[in-house]
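Below is one structure, written out as structure tokens, with a few remarks after it.
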């Protein structure tokens, strides 16, 4: 479950931006998508698993560690991830189109 940086940047139309700016914006995009995944995951997890997830986040565990944890608890995690990515792309495209027209 890895967010495809190149595809996402191209689909949002920011592939012509300077590399440093693209890297910064992609980091922010990734964080936004990840937060959406966490919110959806919390609604699915048991109370005990939700507490464990919160502990992982509070300890500053890596994205990869949290994804491994969630993958073991939520069989449909890939679908949730794809939904969050698609929602972000749709909302972002609409916003970019709005501010550039």
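Readers should treat all values here as calculations from the given coordinates under stated rules, not as data from a laboratory. Values in this document were obtained by computation on a predicted structure and should not be read as measured data. In this analysis, Cβ positions are derived from the backbone assuming ideal geometry, glycine residues included, and neighbour counts consider all displayed protein chains.
Taking Cα atoms only, the orientation of helix 47-58 departs from the longest principal axis of the chain by about 50 degrees. Where does helix 63-73 land angle-wise versus the long Cα axis of the chain, in degrees 0 to 90, nearest 10? Compared with the principal axis, the helix lies near 50 degrees.
Could you tell me how many degrees, from 0 to 90 and to the nearest 10, lie between the Cα long axis of helix 19-44 and the main elongation axis, the longest principal axis, of the Cα atoms of the chain? Between helix and principal axis, roughly 40 degrees. Across the chain, the relative contact order, built from alpha-carbon pairs under 8 Å that are at least six residues apart, equals 38 percent.
From least to most packed, judged by other beta carbons within 10 angstrom and beginning with the fewest, 77, 42 follow the order 42, 77. Distance between the 7 Å Cα→Cβ label points at residue 58 and residue 91: 2.7 nm. Largest GNM mean-square fluctuation among 29, 37, 14, using the chain with Cα springs under 10 Å: 14. With one equal scatterer per alpha carbon and no solvent term, the Debye-computed log10 I(q)/I(0) for the chain at 0.11, 0.13 1/Å reads -0.38, -0.52. A helix-only calculation puts the chain at -26500 deg cm²/dmol for mean residue ellipticity at 222 nm, using -39500 (n - 2.57) for each DSSP H run of at least four residues, averaged over all residues.
GNM on the chain, alpha-carbon springs under 10 angstrom: the most fluctuating residue among 32, 86, 62 is 62.
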